[in-house]
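The values are calculated or read from the model by the stated rules, or taken from the named source; none is laboratory data. Not measured: the values here are computed from a predicted model. With ideal geometry, Cβ positions are generated from the backbone for all residues, glycine too; neighbour counts draw on all protein chains shown.
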Amino acid sequence: MSATTYPFKENAYTLYSYPLCPFAQRAVRAFNIAKVPYVIEEIDLKNKPDWYHLVNPQLKVPALRTPDGTILIESLVISEFVADQFPEAGLLPTDATERAQLRLFIELFGTRVTPFIYKTLTSAEVEDQKKAAETLLEGIKAVSDELEKQWARSSGKGGPYWYGEKFGYAEIITTSFVGLLVTLRHFRGVEVPETEEYAAFNKWKAAFSQHPGFTDVKPEDDVLIEAYKKYAAETKH
């Protein structure tokens, strides 16, 4: 491959991805759930190809080349592009209030859950691990509360997904990170309690954990654990 060219499929969507990256999994799920044909160009993040800077100067995944040659980067941007480009898939609501509520849920998850999964995993000090885990569980409780509120709305239809029986945009954006909780159980002994305050979260997780929209993209638990071993700081006692 020349240093001035990069691989892509003509007149098609080419998604540059890595199967173990939870951010890249968002884009894959968006295409899968929208039932839009695409091709994957797998990027080995440990040994990035020389040409990849031509696709994404930040050298991150995912990235997307559209049929007209436009390059898009960032998982949220790509996922929303798929939703907007293919409205017939119904990934995003047309109602402004429903769309705002969905965005607030994604923001809540992204600020109060995702960072503390990594913080719990990467902290070396026992006290820091404990504090991060407590903050994570507080965030998951807030997510659980928000799911309950959504299921009481007409658009939530009682669950078990954000939009009732439909695995949709909320799941596309968040479930990769819920899948990482297996690494916290393995390395830190942290689990979400089976108590009433987490009931909605556990109901949601149990439902999407069986859905092809999740399982077709999620790596096996042992593969995730091995991959995240490098992030798990050695505990200092």
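Assorted remarks:
- Tabulated pairs, segment 161-173, first on the phi > 0 side of the Ramachandran plot and in the same structural domain as D216 (by TED's automatic domain parsing), second surrounded by fewer than 22 Cβ atoms within 10 Å (Cβ to Cβ) and of a type in the set (A, V, I, L, M, F, W, C), C-beta under 9 angstrom, 6+ apart or interchain: G164/W151
- Considering segment 120-155, and only residues there that are part of a loop (DSSP other than H, G, I, E, B) and in contact (Cβ under 8 Å) with a residue 60 or more places away in the chain, the residue that is farthest from E191 (Cα to Cα) turns out to be S155.
- Selection within segment 178-237: residues that are within 22 Å of R112 (Cβ to Cβ) and of a type in the set (S, T, Y). The member of this set that is nearest to the chain's Cα centre (by Cα) is S209.
- Test for K131: is it over 19 Å from the mean Cα position of the chain (by Cα) and either buried (at least 16 other Cβ atoms within 10 Å of the Cβ) or charged (D, E, K, R) (or both): yes
- Filter result for L45 (surrounded by 14 or more Cβ atoms within 10 Å (Cβ to Cβ) and at pLDDT below 95): yes
- Residue in segment 62-72 that is over 19 Å from the mean Cα position of the chain (by Cα) and charged (D, E, K, R) present: yes
- Residues satisfying the stated conditions in segment 82-91, i.e. surrounded by fewer than 18 Cβ atoms within 10 Å (Cβ to Cβ) and touching a Leu at 6+ places or on another chain (Cβ under 8 Å): D84
- Yes/no for I40 being of a type in the set (V, I, T), at negative phi and assigned to a strand (DSSP E or B): yes
- Residue count for segment 178-201, restricted to those that are in a helix (DSSP H, G or I) and touching a residue at least 24 places away in the same chain (Cβ under 8 Å): 13
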